[in-house]
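**Student:** Would you mind keeping the following structure in view while I ask a few things?
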Amino acid sequence: MSPVPAPSLRVERRLLRDGLTTLACSDEVGRGALSGPVTVAMVLVTEATRTAPQGVRDSKLLTAEARRRLAPRIRRWAPSSGVGHASPAEIDEFGIIAALRLAGHRAIAQLSVLPDRILLDGNHDYLTVPDQATLFGPPRVLEEVPPVVTMVKADLRCAAVAAASILAKTARDEIMVELAESHPEYGWADNKGYASPEHVAALEALGPSPHHRVSWRLPGCAGLDSPAGSGDGLVLDPEGWPAQAAADAPEESSVGCATDRLEPSPQLEESR
């Protein structure tokens, strides 16, 4: 099998040639986990941004040690960056899509400027606030959300999106390793909250911790009542998952829920 080619800034620079001054490139991690937060990272680029640090790849193609080494180099390289989280309680209350939006908005709010546009990995724009998400959605973080362009496999093609994937993965992994100190029985230091055999066995034996997404169909917890406002009846079977959720990472679980559906934003197809 031939090696995966290194991502470049070709797409980002093409977007910036369309009259933009700043472009935020984004990726997420933790969508399919059973416990812990969902995390979204943003990496800002401009026309003056130089080639990404050597070794930047989609985080799933790198070892944990490689990601840890690259994260500080990415923060020094990028004009600005941000990482936002949404907690398991917020996922239970608002649903995974709204929680992704909340985490993404928190990441945008950390940038030094509001970007002109956002390049989002995948085919689903979870950042734009839908018209119906006014009464029961998460608290508003941003008054204005920049236009969003989605691109399938952007984390493989676009260096700044790959850089965002590394920042998101390292930040969330650190949280899960820290949580594992008080809950070692679930093996989070290794499985990072995903549905590993060890994690599933612990859930079946012990039930969920305060850091589990209890509105989800957790293994061994079929009879558990969902908290108020968590969206009873909206837990999806694997076939009902948004397409990108299953494609994001091999270790992600196919268990989850979603409380809203957004119309996809225009997808960016790389010119051949």
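FYI, it's all coordinate maths here, none of it is from the lab. Please read all numbers here as calculations on a predicted model, not as lab measurements. Quick reminder, even Gly has a Cβ in these numbers, built from the backbone with ideal geometry, and neighbours come from all protein chains shown.
**Student:** Using packing as a proxy for protection, rank 16-23, 5-12 so that the peptide with the highest average count of other Cβ atoms within 10 Å comes first.
**Tutor:** Going from most to least packed, we get 5-12, 16-23.
**Student:** Placing +1 at every Lys and Arg Cβ and -1 at every Asp and Glu Cβ, with all other atoms neutral, what dipole size does the range 24-182 have around its Cα centre, in debye to the nearest 20? Present the calculation step by step, with values, prior to reporting the outcome.
**Tutor:** Values: 18 positive and 19 negative charges, 150 e Å.
About 720 debye.
**Student:** For S8 and S112, compute 0.36 nm times the residue count separating them, minus their Cα-Cα distance, and round to one decimal in nm.
**Tutor:** Fully extending the segment from S8 to S112 adds 35.1 nm.
**Student:** Of the peptides 73-86, 34-47, 117-130, how do they stack up when ordered by the mean number of other Cβ atoms within 10 Å, highest first?
**Tutor:** Peptide ranking by packing, descending: 34-47, 117-130, 73-86.
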